[in-house]
Every structure is written in structure tokens, then in C-alpha cells.
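Comments concern the structure below.
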Amino acid sequence: MSEPSLNFAKKGVRPASKLIVLAIASVALMLLDNRYAAVQHAKGYAATALYPLQWLANQPVNLYRYVSGFMQSQAELVADNKRLNEENGRLKLLAARSELQARELAEMKKLYGLQQSGIRITGGAEVISNSKDPLSDKLIVNKGSRSGLKEGDAVIDQNGLIGQITQVQPLSAELTLLTNSKTIVPVMVARTGVRSLLYGSGGAVSLRYFPADADLRPGDFLLTSGLDSVYPEGIPVAKVEQVSRAAGTPYYRVGLKPLSGFRSSKYVLVLPQQQPPALNPGHD
């Protein structure tokens, strides 16, 4: 018959007996560890032998920490990138608004300077629409008959003559640009005083009948001559860019550049029509 072995899993062993046996074994191992160096060496060898298993057992935890840290870093980078993009967009919008406000302020300062120059002015107005057709040569301003505007009034921007009021409503008015094909403006050369007529040419302006025997050079400026009752004298209109003699005609072929910003000006000044001088009755 074989000798009975100690089996802690056996149902007949009581829990108290298990505890006593394990406690005695633990005390014995502690005494051996303190008194015998061989046991300590054995522990070192066992730890060295088991280190690869410990390292392998720790890898899932390390991998989890690495993946968690990487995902957290990626999420933080995405959030920072989104925040920086939003901040960049906001700064660009503020810069654009500041630039627009600075341009409008400069435009209003120039208009105020014109207003202080002694020219009679009905009032200022703001361009609010390009009429029904954005490609047409008409604009809508936010002032009308209630502000004293009348059909035929001249309109200028910060650079010069822009056009003429052609229709008036109580709270708005239609502005026909200088480039309209029906526009005719009496002008003169600022340098020489030679007078002529400037015509609108559907998107441009032209000087059709300037005599070839008169003095005209590139760089000359054309001003309103004041010979009609619409445009006061001395308003800048256009700059001469090209001058050549037209073969077979007694006139120059002239290239002009309008001075006003037809599509870029936001604020304008309206000039009232001049009253023709009254004639004194003659005396016999």
C-alpha cells in the first residue's frame, strides 16, 4: 500500500488545517532565507530565469498604455489643429474687416475734404446695389427725393466724377455712370484749358472730336468745364493715357482712363444742378 500524500484539495482537510500548514511553511522559508546564502542565490537564479516571463506578461499592459497615450495624443493634436484653424479663420476675418473699414474711412475722409473745398453739395449717399443688372452702367444709392436729390444731379466719389442721377424715388435714387453710351460731359484739359466733349462708350469713355491742332499729351487730366448747368467746373473726370493722330481726320485718337471707381466706391457725394444766370432785361 502507498503512503498517503498531503492533498490540500481533499475534501477531508479542514480550512484551519490548511492555514496552519501554509503558515508553518512560510515561516520555514523565511528562516532559510535569512540564515542560508544558498537560498538567496537560488532566489536570484529563479528571478533571473523568470524575468522573461515577467517581461512578456507586462507587454500587454505596456502596449495598452502606449496605445492609450498615442490615441490621446492624436486626439489632442486634432483638437489643437481644429482650434488653431478656427482661430486662424477668425483672425483672417478680423483682418479683412479691418482693411475694409480702413479703406472706407480713407474714402470718407477724401469725400469730407471735397465737401470742405467749397463745392455745393446736396449730401452724401451710400451705394447699396448695382441695379437689376450687375453688368449695367447704373447704381442705386440710399438717398432720394426726401434728402433733396433731383434728376440730373451730378455725383462724384473720392476720385472724381462718377455719373448723374437719372431716377429719383423718395428713399433711393438711380445713378447712371459716366460710361453710359448716352452720357455727354463738357470737359477741358487742365493744363491748357482747351475744351471738348467727353462721351460714354459702354464701359469706357472717349474723346471723339479733339482737334489735332490743339495741344494734348499723355498724362493730361480732363476736368469738367462747367459750360452746362449739370456739372460744376473743375471736377476731375479722366486721365489721358494715349494720344495719336487719326489718319484721314482732323482729330486725335485718344485713350482715356476714368478717375472714379465705378464699381469700387461705396460712398458718393451728390452735387445740385447749377442754376443758369438770369438775364437782365435791356434798357432802351
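The values are calculated or read from the model by the stated rules, or taken from the named source; none is laboratory data. Note that the structure is predicted; figures quoted are calculated from it, not measured. Ligands, DNA and RNA are excluded from the accessible area calculation, which covers all protein heavy atoms including side chains. Shrake-Rupley method; radii C 1.70, N 1.55, O 1.52, S 1.80 Å.
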Can you list residues whose amide H is under 5 Å from Val187's amide H, if they're 5+ apart or on another chain and H is modeled 1.01 Å from N? Ser196, Leu197, Leu198, Ser225
Using all alpha carbons of the range 123-271, what is the percent of pairwise distances in each 10 Å bin, ordered from the shortest bin to the longest? 12, 42, 31, 12, 3, 0
The correct ranking of Phe210, Phe262, Phe70 by accessible area at 1.4 Å, largest first, is Phe70, Phe262, Phe210
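Which pairs, out of Lys150/Lys239; Lys138/Lys266; Lys143/Lys257; Lys138/Lys182, put more than 20 Å between their alpha-carbon atoms?
Values: Lys150/Lys239 28 Å; Lys138/Lys266 14 Å; Lys143/Lys257 28 Å; Lys138/Lys182 12 Å.
Pairs exceeding 20 Å: Lys150/Lys239; Lys143/Lys257.
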Tell me, what ³J(HN,Hα) does each residue in the range 23-29 have, in order and in whole Hz, if you take phi through Karplus 6.51 cos²θ - 1.76 cosθ + 1.60 with θ = phi - 60° and put x for Gly and Pro? 5, 4, 5, 5, 5, 5, 5
Carbon and sulfur %, accessible surface of the range 138-196 computed with the full protein complex present, 1.4 Å: 46 percent
